[in-house]
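Novice: Let me give you the structure first, and then I'll get to my questions.
The values are calculated or read from the model by the stated rules, or taken from the named source; none is laboratory data. Because the structure is predicted, anything quoted here is derived from the model rather than measured. Quick reminder, even Gly has a Cβ in these numbers, built from the backbone with ideal geometry, and neighbours come from all protein chains shown. To get the accessible areas, we keep the full protein, side chains included, count just its heavy atoms, and leave off ligands, DNA and RNA. Shrake-Rupley method; radii C 1.70, N 1.55, O 1.52, S 1.80 Å.
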Amino acid sequence: MAIRMDGYALITGAGKGIGRSIALQLAQKGHNLLLVSRSESDLKSLATQLITDHEIKIEYLAIDLSVNGAALKIFNWVASLTVPISILINNAGHGLWGDFEALPLDGQTNMMQVNMNALVELSHLFIPLLKQQKQAHLLNIASTAAYQSVPVLAVYSATKAFVLSFSRALRYELKDSPIAVSCLSPGPTDTGFAKRAGMEALAELAEKFNMQADDVARIGLKGMFNKKAEIVPGLLNRLSVFGVRHIPKSFSERIAANLYKH
């Protein structure tokens, strides 16, 4: 059981999926929360539930991170609340499935904005605040797709590779600070990701390998509080990551292409 820390935990993408599970589990541990997501109804419902079930303080903001300037608006919102921040969890992200040239360019650049740019902007804005704490954590959410290129998920896997690389470099830069940087890389998770990414044809296959969001959140938070650099939940996912590190890239790309073009 993690010891309750001073300050609030800020979670992006908190309305659904892994982000919602992280919020629920941090609330159970007594952490005050700042919740960010696109859907105000999801946030309001979650905040009401958590305030009812736990003696914690919660504020929320509905905002679309694909819009330029969203990260600064979040920072200004937090500044207006004048509350300390001890945990930043950059969870918001999404994917698009299909051949690169066939997918709309604006959809792919919006995905890059959410998965990479907003994450970098929020990290840069909040690091000075996190440094004010005796102990702080910054958790970025990547994917097992970060460990290899994935045809028909070309831009998505590239954004997650960026998140993993950025997290490791940032961890080193901040190693002598109060901030511990970790990166959580889930595999297939029961969050509705496949449907939102346009991968309905793979939904049945994904269900056979999906982890539950609550399990991913539990493993991710445990790794974060233990200050692990990389957290890959699930034995099959860890074996997959180990495998792609030790086989030729062309072979792993062929396997991924055959799987995701199913």
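Novice: When ranked by the protection proxy of mean other Cβ atoms within 10 Å per residue, highest first, what sequence do the peptides 212-219, 104-111 form?
Specialist: The most tightly packed comes first, giving 212-219, 104-111.
Novice: Moving on. How high is the relative contact order of the range 37-129, given as a whole-number percent (alpha carbon pairs under 8 Å, six or more residues apart)?
Specialist: Computed over the range 37-129, the figure is 31 percent.
Novice: Residue by residue through the range 165-178, which ³J(HN,Hα) values in whole Hz follow from phi under the Karplus form 6.51 cos²θ - 1.76 cosθ + 1.60 (θ = phi - 60°), with glycine and proline marked x?
Specialist: Those phi angles translate into 5, 4, 4, 5, 5, 5, 4, 5, 4, 9, 4, 9, 9, x Hz.
Novice: What nm value, rounded to one decimal, do you get for the distance between Asp214 and Ser165 when each label is placed 7 Å out toward the C-beta?
Specialist: Reported label-point gap for Asp214 and Ser165 is 3.8 nm.
Novice: On full extension of the chain, what length is gained from Gln135 through Leu236, given 0.36 nm per residue of separation minus the C-alpha to C-alpha distance?
Specialist: 33.1 nm
Novice: Zone of Leu81 (label point 7 Å along Cα→Cβ, backbone N under 11 Å): which residues in the range 31-62?
Specialist: It comes to 32-37, 57-62, nothing else.
Novice: Just order 164-171, 50-57 by mean Cβ neighbour count inside 10 Å, highest at the front, would you?
Specialist: Packing proxy ranking, top to bottom: 164-171, 50-57.
Novice: Accessible area per residue, 1.4 Å probe, Å², for the range 95-142: what's the number?
Specialist: In whole numbers, the range 95-142 has 48 Å² accessible per residue.
Novice: Ranked by accessible surface with a 1.4 Å probe, highest first, in what order do Tyr156, Tyr60 come?
Specialist: Putting Tyr156, Tyr60 in descending order of accessible area: Tyr60, Tyr156.
Novice: In the structure shown, do any of Lys131/Lys227; Lys57/Lys228; Lys175/Lys228; Lys73/Lys228; Lys57/Lys222 have a Cα-Cα gap over 20 Å, and if so which?
Specialist: Lys57/Lys228; Lys73/Lys228; Lys57/Lys222
Novice: Picking from Leu65, Ala161, Leu139, whose Cα lies most toward the positive end of the charge dipole for the range 32-163 (charges on Cβ: Lys, Arg +1; Asp, Glu -1)?
Specialist: Going by the Cα projections, it comes out as Leu139.
Novice: Can you compute the modelled spin-label distance between Glu40 and Tyr172, with each label point 7 Å from Cα toward Cβ, in nm?
Specialist: 4.5 nm
Novice: With all protein chains present and a 1.4 Å probe, how do Phe126, Phe242, Phe75 order by accessible area, largest first?
Specialist: Result, largest first: Phe242, Phe75, Phe126.
Novice: For the range 223-238, just list the computed ³J(HN,Hα) in residue order, Karplus coefficients 6.51, -1.76 and 1.60, θ = phi - 60°, integers in Hz, with x standing in for Gly and Pro.
Specialist: My calculation for the range 223-238 gives x, 4, 5, 8, 6, 6, 6, 10, 10, 10, x, x, 4, 4, 5, 5 Hz in order.
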